[in-house]
Amino acid sequence: MKNLIFLFCVLFSVNAFSQANILNASTPSEIGIKNFDQKQSDSDSFLEFDYIDERDILWSKIVYEKIDLNEKLNFPLLFPVNDETYEKKQKVALENFKRKYN
């Protein structure tokens, strides 16, 4: 009885992790081709929201975080490739500094 339950669990777990498009493909060439729903779920765009008024915001939180520029991941912030983006970041940082201390 234990073996039967174990076999059932193994077969169910294998079936649960199988690829859905293999089951729906009528020819082997259709395996791996995404359907419309899969293509929509893969889009990495942001959700578009309507305009939110100040009165509609019930709660908000601003978090400031120190960035360690000695870490390799943050090197593009210290040594930027594009000069235009570096100038924009400098201007934004200077404006934030002025707002904070004035």
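Numerical summary
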{"item": "Residue count, segment 30-74 (criterion: of a type in the set (S, T, N, Q) and loosely packed, with under 10 Cβ neighbours inside 10 Å)", "result": "6"}
{"item": "Residue count for segment 65-78, restricted to those that are within 19 Å of residue 88 (Cβ to Cβ) and under 21 Å from the mean Cα position of the chain (by Cα)", "result": "4"}
{"item": "Total residues in segment 69-99, condition modelled with pLDDT under 80 and among the polar types (S, T, N, Q)", "result": "3"}
{"item": "Residues located in segment 31-45, provided they are not in a helix (DSSP H, G or I) and not basic (Lys, Arg)", "result": "31, 32, 33, 35, 43, 44, 45"}
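Residues checked against (1) modelled with pLDDT of 75 or more; (2) in a loop (DSSP other than H, G, I, E, B); (3) of a type in the set (Lys, Arg):
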| position | (1), (2), (3) |
| --- | --- |
| 3 | yes, no, no |
| 7 | no, no, no |
| 13 | no, no, no |
| 23 | no, no, no |
| 29 | yes, no, no |
| 47 | no, yes, no |
| 51 | yes, yes, no |
| 60 | yes, yes, no |
| 67 | yes, yes, no |
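The values are calculated or read from the model by the stated rules, or taken from the named source; none is laboratory data. Treat the numbers as computed from the prediction; the structure is a model and nothing was measured. We place every Cβ from the backbone using ideal geometry, glycine too, and count neighbours over all the protein chains shown.
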